[in-house]
2 protein chains.
Amino acid sequence: MDVKTIPDIVVGRLPIYLRALQAMLDEGRKVTSSQELGERLGISAAQIRKDLSQFGEFGKQGTGYSIDFLAEQIGAILKVNRVWDVAVVGAGDIGSAIAQYQGFTNRGFRVVMIFDKDPEKVGAQVGSFTVQRVEELESLVQEARIEIAMIAVPGAEAQSVADRLVKAGVQAILNYAPISISVPEGVHVQYIDPVIHLQRMTYYL
Amino acid sequence: MDVKTIPDIVVGRLPIYLRALQAMLDEGRKVTSSQELGERLGISAAQIRKDLSQFGEFGKQGTGYSIDFLAEQIGAILKVNRVWDVAVVGAGDIGSAIAQYQGFTNRGFRVVMIFDKDPEKVGAQVGSFTVQRVEELESLVQEARIEIAMIAVPGAEAQSVADRLVKAGVQAILNYAPISISVPEGVHVQYIDPVIHLQRMTYYL
DNA sequence: TAGATTGTTAATCGATTAACAATC
DNA sequence: TAGATTGTTAATCGATTAACAATC
């Protein structure tokens, strides 16, 4: 079939482009160019054109890109032209904050359930959700056919939570616990650890 | 002087190494090798050795690395063998969660103040902090000689908050708002936007 | 000593940039 | 038409990997 694989680093930039395009739409803009987008993001115009060319031809010579159209196309490539249901595990400060995060709206995601193992928290309300017993994780996640989850439990528990999520059919995990987790081939993991980002900057201070 | 510059991508991996080393220490381990560390992180042993060799010789042939010593050295390189005071701007769900985050302990950072512009929030308690008026931002940040801040305000306000932080002397910003911000040369910015990470994974689902 | 593992060099691989014909 | 900007190729640049002498 000879299907060329898209480099991971290119896929990783698409969400950045999409976010900028949506910001431009909010500003009422209609058209942009690789140069403008690049200046806005600190990325070279050539790189943006090269990245996009991996997926098709979305622009017009002399004119640039229709923001609306390009956003639509990138959304389709990333499969976020739909809404993905997401489960949150851990109802502490971080889990509660992300469960209620307004920023998922219109960007392809919706939190639909939250779990905790603490009996004190189970049954409590977090925004519009009732915290579920973590014992129900497998059955509820599986039944709802949820493929994406966010882990917001202490580091020591993150691996076992990940194992349970995978067993329940989850294929993409966003891990807020400050620890590397191992998952089977084919399951995707991304990490959010503020300390990693901060330490990366202190080097230069 | 001919000082070789360390590639940014190498600096970016050091915090990952450090986190893994500290986890090993917690497990009571004393010695590790580039191979073991690499397997744990999904990074090649050669790359780890190459990265570390940019800064010095930290291992022993035949033996590997003293975990304690290597963690110490990387901490020193990253300048996190001290505690940096951090300001948080925005006392919503996210700002409150990061202000109280336990994970900064022993990793080089300590939140010392939190601001909000909402008069309803100003004066309220967030953990052990009293929310400060954002009007006091410049004076309080400057007086405390704070160099690092985290932004957790709505996207529309992030740029103006960043401008004020920079004016107050902040040189490193961790931005939780889902928007690119521009800062003067020499000021560092890192981003945390869960949607970016999620969209990066949906491509593969 | 024999085995293991580092630090480093050279080779390979991959990503970015520059340049420009095509064309709106 | 003249000017602008794309999509793409080739050149450059940089990062990763393989291999191995040094040595604990």
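Values in this text are rule-based calculations from the coordinates and carry no lab data. Since we're looking at a predicted model, the values are computed, not measured. Every residue, glycine among them, receives a Cβ derived from its backbone with ideal geometry; neighbour counts consider all protein chains shown.
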Loop-only trypsin sites (Lys or Arg not before Pro) in region A:1-69, please: DSSP not H, G, I, E or B, and at most 13 other Cβ atoms within 10 Å. A:LYS4, A:ARG29, A:LYS30
Roughly how many nanometres apart are two label points built 7 Å out from the Cα toward the Cβ at A:GLN47 and B:THR105? 3.9 nm
Remind me, what semi-axes does region A:91-205 give for its equivalent ellipsoid, largest first in whole Å, using sqrt of 5 times each Cα gyration tensor eigenvalue? 23, 18, 15
Hey, got the average number of other protein chain Cβ atoms within 10 angstrom for residues in A:185-196? 6
GluC sites (Glu not before Pro) in region B:1-50 lying in a DSSP loop, each with at most 14 other Cβ atoms within 10 Å of its Cβ, come to B:GLU27
Output row for A:GLN102: copy-to-copy label distances, label 7 Å along Cα→C-beta, ascending, in nanometres, one decimal, is 3.0
Put +1 on the Cβ of every Lys and Arg and -1 on every Asp and Glu Cβ in the protein assembly as shown; which of A:TYR65, A:ALA162, B:VAL187 then has its Cα farthest towards the positive end of the dipole? A:TYR65
Grab the other residues whose beta carbon is less than 14 angstrom from that of B:GLY92, score K and R as +1, D and E as -1, and report the net. -4
Shortest first and in nm with one decimal, please list how far the B:ARG29 label point sits from its counterparts in the other copies (point 7 Å along Cα→Cβ). 4.6
Return a whole-number percent for the relative contact order of region A:5-98, with Cα pairs under 8 Å and 6 or more residues apart as the contact set. 29 percent
Value of Rg/Rh across the protein assembly as shown [Cα atoms, Kirkwood radius]: 0.96
Gaussian network model of chain A, springs between alpha carbon atoms under 10 Å - residue of A:GLU138, A:GLU185, A:GLU72 with greatest fluctuation: A:GLU185
Residue-averaged [θ]222 nm for chain B, counting only DSSP H segments that reach four residues, each worth -39500 (n - 2.57): -12000 deg cm²/dmol
Over 31 Å apart: what share of the alpha carbon pairs of chain B falls there, rounded to a whole percent? 32 percent
Within 10 Å of each candidate Cβ there may be at most 13 other Cβ atoms; applying that plus a DSSP loop requirement, which trypsin sites (Lys or Arg not before Pro) in region B:115-205 survive? B:ARG145
If labels are modelled 7 Å from Cα along the Cβ direction, A:GLN142 lies from its partners in the other copies at nm distances, smallest first, of 6.1
Quick one: grab the alpha carbon gyration tensor of region B:10-73, order the square roots of its eigenvalues as a ≥ b ≥ c, and give me rounded if a/c is under 1.5, else prolate or oblate depending on whether a/b is larger than b/c. rounded
Taking the rotation axis that maps chain A onto chain B, which residue of A brings its Cβ closest to that axis, and at what distance in whole Å? A:ALA97, 2
Going Cα to Cα from B:LYS30, which aspartates and glutamates come in below 12 Å? Please leave out same-chain ones fewer than 8 positions away. B:ASP68
